[in-house]
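In what follows, a structure is listed as structure tokens, so that the remarks can point back to it.
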Amino acid sequence: MKRITHLGITLLFITIMFSCQTDKCEQLVYTFEHEDIYVTQNELRASIEFQDARDLNVPGKIYFYNNLLLINELYEGIHFIDNSDPNNPEKLSFLKIMGNTDFAIKDGKLYANNQLDLLTFDISNLEDIQLEHIAENTFREYMDDPFYLNSSFFLCSKPVKKVELMNCKDFESQRNQSAWGQNFGPGNLLARDEDFLVLESSVAFSNDASSGGSGTSGSMASFIIRGDYLYTIDPNKIYTFELAEDNDPVLVNEEYVGWGLETIFAHENELYLGSSNGMYILSVENAAQPQYLSSIGHVGACDPVYVKDNFAYVTLRSGNICDGFTNQLDLIDISSKTNPVLVKTFSMTNPHGLSIASDELYLCDGADGLKVFDISDPESLNRNLIEHHDEKFAFDVIALPELDNLLIMIGAQGLVQYDFSDPSNLKELSTINIDW
């Protein structure tokens with residue numbers, strides 16, 4: 001079954017014909033048609049396959065691990081890219097995983113989802129990736145029923161790009177009537193925000209001493225590895241898996257937190273969960289059993305989170321599954337983990353993912369591009385915009401100062417890499433384009 005999504009998620013539009021004599025104007029409009037996918041459990045698990053490299057089509061999460069760049073192809077699998085030279089990234093292969101939206105890596109083991117199961121792959125040899133273990137029905141316990149092994153069930157609604165020729169006046173009229181009108185133009189070349197319900201993915205930033213040999217994800221992550229534990233979220237729960245050496249991951253805790261959970265970020269001994277109605281803070285002093293500490297609410301909107309020192313930076317945006325009409329960056333004082341306080345709100349265009357390195361905040365502001373703010377004085381952020389690349393739609397970003405100041409951004413045009421040695425003068429290194 002197929003259904004056309006709301007016009008407000010229309011992608012890049014290009015004027016292809018003007019005629020002064022006939023006063024005719026038409027535009028080529030890219031939209032997403034969503035195809036509902038139904039499979040049996042046996043078909044789903046049999047679909048896992050290691051394939052040759054392919055072009056980006058509808059990218060989701062980004063992840064960096066040991067000079068390896070991984071990009072999720074939404075609901076289809078994972079691209080593997082050799083990023084030893086960021087000026088010339090090389091596509092290596094594609095791991096087909098039907099239903100995949102997120103993943104994380106530790107010590108050569110890739111942990112990924114397929115909407116039902118937690119999958120473990122050995123990627124120590126990239127030319128011979130091996131599926132080691134399937135923790136069946138981890139994320140949909142009710143499907144333990146053998147009935148589903150050979151009976152079809154709804155897996156996901158996969159975005160498929162569509163091209164339509166539309167009269168300019170009709171296009172403008174429908175765009176102006178759309179509640180998501182601000183998302184027209186180069187915005188949303190990625191899948192619609194609904195497709196990132198589980199992905200929305202805040203930053204799974206795992207570069208501290210406690211994280212072991214894990215990698216760094218973008219700010220839309222719902223998987224994060226901290227030490228010997230993998231934490232994942234769904235819209236209501238947080239799952240804790242123990243990653244014992246040479247053993248399969250073991251689910252050691254499953255806890256209801258709230259509704260609308262989207263993103264997860266680790267900082268010191270806390271996890272920060274972004275949801276459609278607020279931010280939750282959980283303690284991981286006992287790593288096997290996260291404990292609720294506090295929460296702070298906000299109006300309905302999707303919200304990746306990034307934490308630095310005593311502040312949490314939370315982006316809220318409209319035009320998504322959260323039905324929000326707010327576009328702002330919230331600055332929250334987290335000096336007291338049991339009593340977070342909203343300090344200030346900064347107006348934005350349509351903010352998505354974010355990352356921080358030193359005293360600079362790198363913020364993806366949707367169709368308004370990538371912005372760099374000096375946050376040495378966090379409360380003066382709005383007066384300290386030091387760089388603005390508005391020519392590219394920006395969705396998510398990873399800042400890697402330890403790798404020669406490498407900045408990796410995913411957006412409408414595909415994946416772009418920058419040198420941010422001078423944050424006020426970003427230098428573009430390379431681009432991996434989306435296949436149109």
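One table, with the values for the structure above:
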read-out	value
Filter result (open to solvent by 10 Å² or more (accessible area, probe 1.4 Å) and either over 15 Å from G213 (Cα atoms) or hydroxyl-bearing (S, T, Y) (or both)) within the range 114-129	Q115, S124, N125, L126, E127, D128, I129
Scope the range 345-365; condition open to solvent by less than 40 Å² (accessible area, probe 1.4 Å) and β-branched (V, I, T); matching residues	I356
Any hit, the range 72-91, residues being closer than 29 Å to Y239 by Cα, at pLDDT below 95 and open to solvent by 60 Å² or more (accessible area, probe 1.4 Å)	no
Of the criteria (1) under 23 Å from N67 (Cβ atoms); (2) surrounded by fewer than 21 Cβ atoms within 10 Å (Cβ to Cβ); (3) at pLDDT 95 or above, which one N433 fails	(3)
Within the range 324-360, considering residues that are in contact with a Lys or Arg (Cβ under 8 Å, 6 or more places away or on another chain) and part of a loop (DSSP other than H, G, I, E, B), the one modelled with the highest pLDDT	M348
Members of the range 29-56 found to be modelled with pLDDT under 90 and within 19 Å of G414 (Cβ to Cβ), listed by number	Y30, T31, F32
Any pair with Cβ under 6 angstrom, 6 or more apart, that starts in the range 314-343 at a residue that is farther than 25 Å from R383 by Cβ and of a type outside the set (K, R) and ends at one that is at pLDDT 95 or above and open to solvent by less than 50 Å² (accessible area, probe 1.4 Å)	T338/S294
Test: residue in the range 329-344 that is more than 26 Å from I62 (Cα to Cα), in contact with a helix residue (DSSP H, G or I) (Cβ under 7 Å, 6 or more places away or on another chain) and surrounded by fewer than 18 Cβ atoms within 10 Å (Cβ to Cβ)	yes
Residue list for the range 130-166, filter: open to solvent by 40 Å² or more (accessible area, probe 1.4 Å) and polar (S, T, N, Q)	Q130, N150, S152
Condition broken by M98, with the remaining ones in (1) under 18 Å from the mean Cα position of the chain (by Cα); (2) open to solvent by less than 10 Å² (accessible area, probe 1.4 Å); (3) modelled with pLDDT of 95 or more; (4) over 24 Å from N247 (Cα atoms) satisfied	(2)
Strands (runs of 3 or more DSSP E) wholly inside the range 361-436 containing at least 2 residues that are within 23 Å of K91 (Cα to Cα) and not aromatic (F, W, Y)	394-400, 406-411, 414-419, 427-433
Residue under evaluation P249, criteria (1) modelled with pLDDT of 90 or more; (2) within 20 Å of V305 (Cβ to Cβ), criterion not met	(2)
Output for the range 258-272, where each listed residue is touching a Ser or Thr at 6+ places or on another chain (Cβ under 8 Å) and not in a strand (DSSP E or B)	G258, W259, G260, N269
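The values are calculated or read from the model by the stated rules, or taken from the named source; none is laboratory data. Since we're looking at a predicted model, the values are computed, not measured. Backbone-built Cβ (ideal geometry, glycine too); neighbour counts: all protein chains shown. For the accessible areas, the whole protein counts, side chains as well, though only heavy atoms, and no ligand, DNA or RNA atoms are used. Shrake-Rupley method; radii C 1.70, N 1.55, O 1.52, S 1.80 Å.
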